[in-house]
Each structure stands twice: as C-alpha cells, then as structure tokens.
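The values are calculated or read from the model by the stated rules, or taken from the named source; none is laboratory data. Worth saying up front: this structure is predicted, and the values here are computed from it rather than measured. All Cβ positions, even for glycine, are placed from backbone atoms using ideal geometry, and neighbour counts span all protein chains on display.
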Amino acid sequence: MSPKLRLEAQARPGIDLTPEQVKSVSEVSGHHLLMGASGSGRTQTLVVATQKAVSVFGSENVWVVSSSRQSANLIRDRLIEIDPTKTPRVQTLASIAFAILRLLATQDQNARREIRMLTGPGQELRIKQMIASGEITWPKKFEKLVQTKVFAADLRRWLANFRSNASELQITNLNNPEIEEPIQEFVTKFLVENSTHGNYDYVEAANEAALAFELPDFSAIKNFSPKAILLDDLHDLDLSQLNLLFALIGQAQYSFTTSNPDQAVLGFRGAGLDITKEFKDRINPQVHLLNIIHRFGSGIQAGISKFLPSLVSLDISSQEQQALRAPTISDHAPKSELNFEVSATPAIRDSLILDRIIRAHSETGLPYSKMAVIGRSYDTLKLIKRRLADAGIDVEYSADNSALGNNSSVSALLGAVQLAIKLKSKEQIGAGELRQFLLSPVIQASNSQLRSASTVLRNSTLQGTTDELILEAVISPKLLLQVENHEKTMVLRHAGALLHSIKERLNKKVSVAEVLWSAWSGKVDVKSAELFGFDLNDYQNSWPDRLLQLSLGQSAAARRADTELDAIVALFDAADRADRDFKGTQSVTDFITEVLNQDSAADVLVQRVQDGVTICTAHKARGRQWELVFIVDLQDGVWPAANVRESLIQARDAHGQRLRVAEERRLAAAALSATKNSALICVVDSENEVGLSPSSLLFDFELPDTVNELAPSLLTPNGLIAQLRAAAVDPQSSGELKAAAVSRLSYLAKSKNSVVSGADPQNWWFVPQLTKSDQPLFDPDSPTSISGSALESITRCPTQWFFERKLQIKDATNASAVIGSVIHQIAENISTKNMSLMDSLNFLRDIWPTKAFDSQWQSNIQLIEAEGMVQALFEWLEPRRDMFISGEQSFNVLLEEDQIILIGRIDLVEKSMDGSLNIIDFKTSNSAPSKKELLEHTQLGVYQLAVANHPVLNPGSARVSAALIQLRARKSDQKASENFAADLEDPQWLFEQLRDGKSRMINEDLPARPGAHCRNCKVKAVCPAVVEGEQAVS
C-alpha cells in the first residue's frame, strides 16, 4: 500500500520570536553566538539581529557575511523582502578576501599584478603544468604516477584540505614517507609561484586576506572595518575562512553568529566539528540556545535524530547538547510525517516519485515549486530530472549541478575547436573524432549522408574506407573541388570550411570567446568556403537558430534545448572571464582543458527564478525549505558514499573514516530537515541487481514491503495517450471503448499542444503502408551475379544478406580477417614462389599486423597461433607442389539457362594424377563443418559448379572435387584437417538454391530467418524475427 503524504492546505501561522530568540538579539553590542537545531529559527533570528544592527549603526556599517553564494543570496532575499531600503551589504568571505587582495596588489607599486581566483579545475591545471615542468624530482617509483590526472586531482584536494587546516607548511603523516620531501618542495614552489602571478585558490586567498590585517601599512583597513558583522552557519567555515572572520570581528563593535554543528557536512573542504569550538575559544562570545523547533513536527524530528551520529561536537555543554539533540516541538509546527517507499528497480522508484508529485499537485493544489527531490548522486538526479521533464513537469535543476564540460552542446562546441587546433598544429586527426564532430549538432550530419558522400567520393576515383575518405575530404583543401556532386557532399564541404575558418581565427590569435563564437555561429569565411566549394547561401538553418526555435516550445525537448542554451551562455561567460583575467594570454587549449577537466560545479553568475520541482543534491538543499521532499540515493555504496577517495598522498586513517561516515549521517539529517510538511524516502531493494540495496543509514528505520510494479501512467500526457492508443487498437476492446478512446485522442490532437502531439495519428509509427523502392536492387532483364558466400548468406537469412551485403552494415575488418588475409598470401607464396618454411615464418613476422589487436599480449598469442597455421599449411602443401595449377583463381561463369553468373575467387586449384581437378579453400576459423553440412556445402558447391563449366580451367569436363583445409581447427597431431565436400553428381539442390536466391534478389523478397547466426548479427535491433527488433504493431 502506498504511503499517504500529508499536505496541509492552510498556511501555518507566523512564528513569533521565542523568549530565547528575543534575548539573543536584545543587546546590539559585544559578540554573540546563537546555537540551535535545524528548524529552530537560527536564520530568522539572524535577520532580526541584522535589522536591529541597521537601526543602531546604519546599513552602510553593517555587513552580513556567508561562506557560500547560495547562503548569501537566501539571506539577501529575506532582508530585501522586509525592507529593501535598509538592506545592508550581504557578501561571501571569498569576495571579501578577493577585494582585500586586489587592494594589496594596487598598493604595491613595485609588483602590480592582476589577481585571479582559481577554481578547483583551474588549480588542478596549474598543478599538472608544474608537475610536467620537471622542476620537482620525484622518487623513481612515483615518476609515472605523478603524471596522471588522478594524482593531480588528489594533490589538489589534499592541498586545499591541508592549507585550510594548517598554519605552517610542515608536511607529515603521508601515505608514503618517500613522497614527503618532494611534496614539501612542490607545495612551497606552487604557493610561491601562484602568489607571484596573482593566482589564488579560495583557501589561500582567505589566509592572505586575514594576514593583511596584521600589516602595519595596510592603509585600506578602514574599508574592511564594519561596526557590526553577522554570519549565518558558522559550521560551514574552514580554518582559513575562520581566521578571516576573526580579523573582521576584531574591527567590529558587534557580532552575531549562528551555528549548528550537526549540519557540518563540508569536511571535504576542511570544515569540521572543531570550528564552533575554535570560535568559542578565540572570541569568547555570549552563547544563546534555541531549543524549540518551528519548521516541522515530531515525525521529521524523530527521523533526524535517528540519522545523526552519536558525537555532537567537541567541548559541548549539556545545555547545548539538549538544545541540539532533544529540542521541544512548537505547538504551531506542522504535523509533518516521514514515510518510506521501497521499489524493486530504479525505474519503479522514478515512476512512483512522478506519480506522487502529480497527485500532490492535482489533488491538493500544491505548486511544483513547493516540492523537491534531494539525492546524493548526480547520475540518479539526472534520470529523475529527465523523467519529470518528459512528463511535462517543470523542474529547477541549476546549471551548476553538473560540470560545464559534461553538457552535450558544450562538449560538441569544444570538440569542434579542438579539431581546428589539431588542424592548425598538423596533429593527426582520428576518423572516430571527426565522425563524432560531423554527427554533432555543429554540423548535424546523419550516417546516411556520410555514406552517400563516401559513395560519391569513390565514384570520383578516390579509394579507401568510408571513414578514410571522409577524413581526407574534410582536412584537405581543394580536394572536394574535384568532386562534381555538390548536394551529396555539402555536409563535408561545410565541415571542412568551418574547421578551416576556426583555424584562421586561431592563427590570428583572437580571444578565447571569439574562437568559440566562430564555432558556435557556424559562419564560414569566404576564403575557406572557396577552398571547399561551399556555397555560403546553402547554410540557412544554423545550430543556434535550431536550438532557439526548439526552446520556444512546451515539450520536454524544448526544455532540454533551453538547458543547452543556458550551458552555452555559461561557457561564453567563462571564456569572457578567462580573457579578462588573463588579459588575453591564456591559450584556447588551456581554456578547453580547464573546462573539460571540471569534475565539480562551475560558478553560476545569475540564478534564474524557476517555478518547477527542485532537483538538487543534499549539499545544495541546505538552507532551503519545501513542503514536500523526496529523498533518494540512500543506497548501499551511494550514501554513505563508497567513493570516498582513497588518497594516493594521505595515509589511511581509521579515525578519519569514522568522521567521514558521521558526516554522511549528518548530511542525511540535513536533507530531511529541508521539509516543512512531509518527506518520503525512496529506496531500491533489488534481488536481481547487485549493489541495489538500502543504505546502512536506514538500519534504525522499519521499511515497508517492496513495490514490484510501475506506478500507473495515466497522470502523465504520454502515459494517457499510450493507454488511449492501446485501447483504440486492441482487438479485445469493445466498440464503445474504441470509439471513446478515438474521440479523446481526436480531442487531444486538435489542441495542437506539443505536449500531447503523440495523440495525432500522423505522428504514429507504422500507420502508413510499407513502401517499396521505385528502383529495383537488380535489373530483372540482366543476368544476376552470385558468389558462393553471398548465396550462403541469402539462403541463411535474406534480411541479414541485404543489410550486410547491399547496405554494408557490418563490422569493420577485425583481427581474425586480417590473419586470414596474411595466411592466404603465404599460401600463394608457397605455391607460386616455392617459399621455404623458414622464409614463410619470417615473412609472417615481417608483415604481422600488430596494430590490428587491442594489446601487445593479444598480438603475441595470435602470432604464435599463426605460426602453427603456417607450419601446418607448409606441411600440407609441400608434397603437392606438382599438382598446382593456379592460386587465388578468379572466375566468372554464366549459367545460360538460368541467367546466373557465378563469381568468386578460389584459393587453390590442383590437378590429380587421374586428371580430376581439386578445389582447395583454406580456412583459419576455429570451427569445422559437420559431415551433414559437407553433403550440401553451398560455397564449395558453387566452386565445383563454376569450375565444371569453366572453359579454360576445365576444357575436358574432368571430375571436380572440393575440400576445406582447416589450418586453425587442426588435428591432434597439429596437422591440417581436410574436410571434403560430396561430389556434385546431382547438383539439383544447388540449382534450387541459386534460383531461389536470384528470385529473392529480383523480387526483393527478403524475410528474416532466425538461427545461430543471430548471435553476432549487427542488425538485430531492426530485425522483425527477434525480440529486439520486433514490430511495434501489426
């Protein structure tokens, strides 16, 4: 039975200040610390304290500071809502540090420099560059390790944590004592170089800014001396930020700070439980306690208590512990509930969340903006976001919830510029990366267009595979000028001209933003257009235009397009900042590297107001409130996070691990505290999928039975339309039901709303009749050419033959095929050039295709196997040299009566002592045919029939035999295995196959025939004979 979510329709009454709150803000002098549990009104009290400070000191002398931009924005919004004319300055500690460093830089006339705050990815890039410079000598066993991205990322994280918690550069307790000295040297040089060039991360900036207050000649100190300073969420600070806060408070007459150690969840940034204790020891503030919860009821508070670890904080009094862990619930608090839902699969979980959200909105009128889905993993949240968006529900999913480089449009744009950079520096461009560029929205080519273009190139005398031809055409100016078919090669002309246009911008050393704009706009300069024969008038519907038009709609695709445009804007913002901060000295390559290396959220300059369901991580949810909250990811290995990185640098520490698990428990409690009314914890418990089980954090909770079915989909537009369509075509539906379904589909289709476009039959698959090509595959009035392998293929499965032989949809040449070609070449050399065994083996080693294999060890193993095949081949051929007639013999034999031309190539033709002819086909596969298969072997039968009717090879109509010589599937003595086909005394079976094959080719009668060959078939997804390609409707 699904849980019932309690959603109170009436707004809860306003909360008057409690006596404890009133007491904490009664004095506007001295230093005050307010402690309380989640939902006790700490932030509200801080807002009141700010108002009182403004009334005493004036808004210009009051600063409200925060550790994060999100927290600062929330407090600023509250203050503006109360009185926009008396809102003081609200800022982050990082912005204050940046301002101080800029002032210091302008005061130093001898060393004027630009100050730049490095992001995490930016700092990581500098670390990699210093490692690559070779200035530091690393122990020999670490030489390769330090060059990896993993080491650079680990060093950045360790450095940030170390500098935020250490006042001196004394490095000890590393994972390996051998690395302590080079790490010490590296950190010293790195920090000096960053300071010299004005590059600061947030930790170092806070440290430097705090030290500035101790400088005797810091003339600008008056600019950073507010009379009152107020800070929310002290527990979010690291030691470097805390030192800056101490310096600011030292200039103030009044300070008011709030803290809840049970919400200290930023340990990865250096923030810990000791921050509040450190503050109390240093400032000795007057401590006030809030012990009444206003935001939610006892049900939520009980859940929070179960999540929280036993350790509260260091050096905490019994009164403080009572306020934080056993607060009283206000009589005005909502009667909130905590429920659980266990699903058998992630898909069922997502469908249930969607169902609950729609029901809460439609049945109780709760706005989507009052609901949130909170998780631990971006992977989970992205899937839920797409599920809600596809159902037509607006979502708030901030652009900074994922790294900028992970966005598909950003990745495509940067990929285009990277190709142009390779073109400029004459680096080799891979066929795969070029194809990815062509298929990306930058060019928006299709696979069929690329195949058509390669066909045109082959017809113009160019040779090579499709990828090779396309690569040559795009990177080689003037080559396409020799090709006449302009229409079918337009995508290649556009791609080549655009890449060369971007290359020209790079040659002119323009700004990063200008280079990106040349790729984004898709505009081609006249010179590049002429080099590729590209008509500028052909480019009408550009990528930006397509995205913009799509974003104007109301569909899920429109919302995704809007997200893509947001990401592109964020990319140009980042490029603009890079150009401004580096004064045009940062290369495009460094900028791209920095963006693509981002593994964390990028800064967002403007947070747009959105009215949809909020989807965010637990860290992002802190400080915000919703009426209904869904919590996901409380899964084993996800929360607590199993990917807490084992540091390559820092020694493993059991105590540190316990602290991390405790922090994960506090994070779960923080997520739960974001609700006002109801919370639903959604977990997956699967018997079939490893790793999908509830988190250990839920051991203290009683979970309900597992739900094994998807939620009904009638509440979503797509689900409603799907069920109406099913009812309309179901043979079991009554006439009345069908008529009702058709009537409702007609009504929805007439609305012309893109959200219900699926109701229009014009958008349904398989409604039109199957089509037939006007141009036949083969000319019925001309003889039909058939090879032995083609006849085998079309007899086995006509559908597979069509896709693989006619459309060329098959695997590229693999290692096994290459080995076969090499062995056949050696067989010809032995027969025609009398090559010895030693020469044959040396020849094999000389031409061995090492690059055809994924790794060297695979190549070595296959070479040994190939040497065994060559030896078996030589031993089989050596005594038969006198029987040789021809090798690699082509044939083209017309069967007059049936108008069929037999074509193919025979490995070896021999003549026996009795005058009969032997046809030999060398096989390098692992398997050999059965005796039954040899009775009617199609390929050998075609060879026998062709030679029997060949006027040159067999003028005397001698008997023809045929055999397969298995070189890999050898006998126990390692000799080649001989498998002789039956003599073609009565070829009626073969003629029937030939006539049937020709008939199917001419009449295009190509049914699918399932069998063992389906296992490796490349067109299974569109084959109607198997489940994967089954037709949707009859």
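Restricting ILE421, ILE429 to those that are assigned by TED's automatic domain parsing to the domain that holds MET490, at pLDDT 80 or above and either assigned to a loop (DSSP other than H, G, I, E, B) or touching a His at 6+ places or on another chain (Cβ under 6 Å) (or both) reduces the list to ILE429. Given the conditions (1) touching an Asp or Glu at 6+ places or on another chain (Cβ under 9 Å); (2) surrounded by 23 or more Cβ atoms within 10 Å (Cβ to Cβ), report the number of the one that LEU479 does not fulfil. Here LEU479 clears every test but (2). Within segment 828-878, the residues that satisfy the criterion of being exposed (fewer than 13 other Cβ atoms within 10 Å of the Cβ) and among the aliphatic types (A, V, I, L, M) are MET838, ILE847, ILE861, ILE864. In summary, SER225 fulfils each of the numbered conditions (1) more than 28 Å from ALA152 (Cβ to Cβ); (2) buried (at least 24 other Cβ atoms within 10 Å of the Cβ) with the single exception of condition (2).
Would you check which residues across segment 412-461 are touching a residue at least 40 places away in the same chain (Cβ under 8 Å) and touching a Gly at 6+ places or on another chain (Cβ under 9 Å) and list them? Correct list: LEU414, PHE437, VAL442, ILE443.
Given the criteria part of a loop (DSSP other than H, G, I, E, B), of a type in the set (D, E, K, R) and in contact (Cβ under 8 Å) with a residue 24 or more places away in the chain, does LYS335 qualify? Yes, satisfied. Residue count for segment 432-470 under the criterion of being farther than 20 Å from LEU498 by Cβ, in contact with an Asp or Glu (Cβ under 8 Å, 6 or more places away or on another chain) and part of a helix (DSSP H, G or I): the result is 0.
In this structure, is ILE900 under 29 Å from SER972 (Cβ atoms), buried (at least 17 other Cβ atoms within 10 Å of the Cβ), of a type in the set (A, V, I, L, M, F, W, C) and in contact with a strand residue (DSSP E or B) (Cβ under 7 Å, 6 or more places away or on another chain)? Against the criterion (under 29 Å from SER972 (Cβ atoms), buried (at least 17 other Cβ atoms within 10 Å of the Cβ), of a type in the set (A, V, I, L, M, F, W, C) and in contact with a strand residue (DSSP E or B) (Cβ under 7 Å, 6 or more places away or on another chain)), ILE900 does not qualify. Taken over segment 471-480, the residue count meeting the criterion of being part of a loop (DSSP other than H, G, I, E, B) and touching a Leu at 6+ places or on another chain (Cβ under 9 Å) is 3.
Looking across segment 951-968, the residues that are modelled with pLDDT under 90 and either in a helix (DSSP H, G or I) or out of contact with any Ser or Thr (no Cβ under 9 Å at 6 or more places or on another chain) (or both) come down to PRO951, VAL952, ASN954, PRO955, GLY956, SER957.
For first residues located in segment 844-863 and closer than 13 Å to ILE819 by Cβ, partners that are among the aromatic types (Phe, Trp, Tyr) and modelled with pLDDT of 80 or more and lie 6+ apart or on another chain with Cβ distances below 6 Å form the pairs LEU863/TRP848.
Matching residues to (1) closer than 28 Å to LEU101 by Cβ; (2) in contact with a strand residue (DSSP E or B) (Cβ under 8 Å, 6 or more places away or on another chain):
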residue: LEU245; (1), (2): yes, yes
residue: ASN260; (1), (2): no, yes
residue: ALA264; (1), (2): yes, no
residue: ASP274; (1), (2): yes, no
residue: ARG282; (1), (2): yes, no
residue: VAL287; (1), (2): no, yes
residue: GLN301; (1), (2): no, yes
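With SER816, SER793, SER785 as the choices, which residue is polar (S, T, N, Q) and over 30 Å from ASP898 (Cα atoms)? Just a single option satisfies the conditions, and that option is SER816.
SER734 fulfils the conditions (1) more than 30 Å from ARG622 (Cβ to Cβ); (2) modelled with pLDDT under 85; (3) not acidic (Asp, Glu) except for a single criterion, (2). Of all residues in segment 481-491, none satisfies being part of a helix (DSSP H, G or I), more than 23 Å from LYS426 (Cα to Cα) and of a type in the set (D, E, K, R). Examine segment 492-499 for a residue that is surrounded by fewer than 22 Cβ atoms within 10 Å (Cβ to Cβ) and out of contact with any strand residue (DSSP E or B) (no Cβ under 8 Å at 6 or more places or on another chain), and state whether such a residue exists. No, segment 492-499 contains no residue that is surrounded by fewer than 22 Cβ atoms within 10 Å (Cβ to Cβ) and out of contact with any strand residue (DSSP E or B) (no Cβ under 8 Å at 6 or more places or on another chain). If you go through segment 988-996 one residue at a time, do you hit one that is among the acidic types (Asp, Glu), outside any helix (DSSP H, G or I) and in contact (Cβ under 8 Å) with a residue 12 or more places away in the chain? No, the conditions are met nowhere in segment 988-996. Considering SER912, SER916, SER890, the condition of being on the phi < 0 side of the Ramachandran plot, surrounded by fewer than 17 Cβ atoms within 10 Å (Cβ to Cβ) and within 57 Å of the chain's Cα centre (by Cα) is satisfied by SER890 alone. When segment 658-687 is limited to residues that are in contact with a Ser or Thr (Cβ under 7 Å, 6 or more places away or on another chain) and assigned to a loop (DSSP other than H, G, I, E, B), the one that is farthest from TRP626 (Cα to Cα) turns out to be SER686. Close contacts from segment 540-555, counting a first residue that is surrounded by fewer than 17 Cβ atoms within 10 Å (Cβ to Cβ) and a second that is modelled with pLDDT under 75 and polar (S, T, N, Q), with Cβ to Cβ under 6 Å and a gap of 6+ residues or different chains, come to GLY553/SER754; GLN554/SER754.
Within segment 913-950, being polar (S, T, N, Q) and not in a loop (DSSP other than H, G, I, E, B) holds for ASN918, THR938, GLN939, GLN944. Could you tell me whether SER695 is in contact with a Ser or Thr (Cβ under 8 Å, 6 or more places away or on another chain) and either surrounded by 14 or more Cβ atoms within 10 Å (Cβ to Cβ) or closer than 17 Å to GLY375 by Cβ (or both)? Considered against the rule, which asks whether it is in contact with a Ser or Thr (Cβ under 8 Å, 6 or more places away or on another chain) and either surrounded by 14 or more Cβ atoms within 10 Å (Cβ to Cβ) or closer than 17 Å to GLY375 by Cβ (or both), SER695 comes out as no.
Might you let me know whether segment 198-210 holds any residue that is assigned by TED's automatic domain parsing to the domain that holds PHE57 and polar (S, T, N, Q)?
No, segment 198-210 contains no residue that is assigned by TED's automatic domain parsing to the domain that holds PHE57 and polar (S, T, N, Q).
Can we say THR489 is of a type in the set (Val, Ile, Thr), over 30 Å from LEU571 (Cα atoms), touching a residue at least 12 places away in the same chain (Cβ under 8 Å) and surrounded by fewer than 22 Cβ atoms within 10 Å (Cβ to Cβ)? Answer is no for this residue. For segment 241-267, enumerate the residues that are more than 20 Å from SER313 (Cβ to Cβ), in contact with a Phe, Trp or Tyr (Cβ under 9 Å, 6 or more places away or on another chain) and part of a helix (DSSP H, G or I). The answer is LEU244, ALA247, LEU248.
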